[in-house]
Amino acid sequence: MCLDESGSTIEDAPWGKAVALAQLDAAIAGGRKFALVHFSSRGEYKTDVFMPGGYGVDDVFAAVETFLDGGTNFETPLREALRLVEGGGFENADIVFVIDGVCSLPEEFRDELAQKKATHGFKITGIVMDVESPGMGFSLRPFCEDVYRTSELSRDGIVEAIIIKRAA
């Protein structure tokens, strides 16, 4: 999961962390690894990797307490997610990308991402926390297969849809 921790997400941060914890729980229950890539400005990210049986409560608290602040850059966390998929033991992972606003990706990177998705068989699901400013989903459409928006579906409904889809 890539979680937008730009300054504008401060109000939505608790919900984003709750989504991450729900995904962590589902992954570990299924015997899978989970990675949370916190991100903000270009080059600003922190990755927490959770291995089944290889982490404790302190690791979870550290992840939940992280908040990077700053601006918004999509390429940095997606490059980190690609690194994990290609060499970090997350070969069959799908990426959940949670944001609150708009950012664009360079066309060259979108092409590279599309090629890597085809090669490695992963998908990207986008969640836009846009209940206060509906209509922001367009920034995810160029690289996400599914986009959920809090302005269109309840937060609980989004989490349920994603968890059910992952379990299927």
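The values are calculated or read from the model by the stated rules, or taken from the named source; none is laboratory data. All values reported here derive from a predicted model rather than from experimental measurement. Note: ideal-geometry Cβ built from the backbone for every residue, glycine included; neighbour counts use all protein chains shown.
Some notes on this structure:
- Flag for Pro106 being out of contact with any Gly (no Cβ under 9 Å at 6 or more places or on another chain), under 25 Å from Glu145 (Cβ atoms) and surrounded by fewer than 16 Cβ atoms within 10 Å (Cβ to Cβ): yes
- Residue check, Arg110 among the basic types (Lys, Arg), out of contact with any strand residue (DSSP E or B) (no Cβ under 9 Å at 6 or more places or on another chain) and part of a loop (DSSP other than H, G, I, E, B): no
- Filter result for the condition that a residue is assigned to a helix (DSSP H, G or I), surrounded by 13 or more Cβ atoms within 10 Å (Cβ to Cβ) and β-branched (Val, Ile, Thr), over Val37, Val60: Val60
- Candidates Gly56, Gly30, filtered to the one that is at pLDDT below 90 and farther than 26 Å from Asp130 by Cβ: Gly30
- Qualifying residue in segment 1-13 (condition: free of Cβ contacts under 8 Å to residues at least 40 places away in the same chain and among the aliphatic types (A, V, I, L, M)): no
- Qualifying residue in segment 78-100 (condition: over 29 Å from Gly31 (Cα atoms), in contact with a helix residue (DSSP H, G or I) (Cβ under 6 Å, 6 or more places away or on another chain) and surrounded by 15 or more Cβ atoms within 10 Å (Cβ to Cβ)): yes
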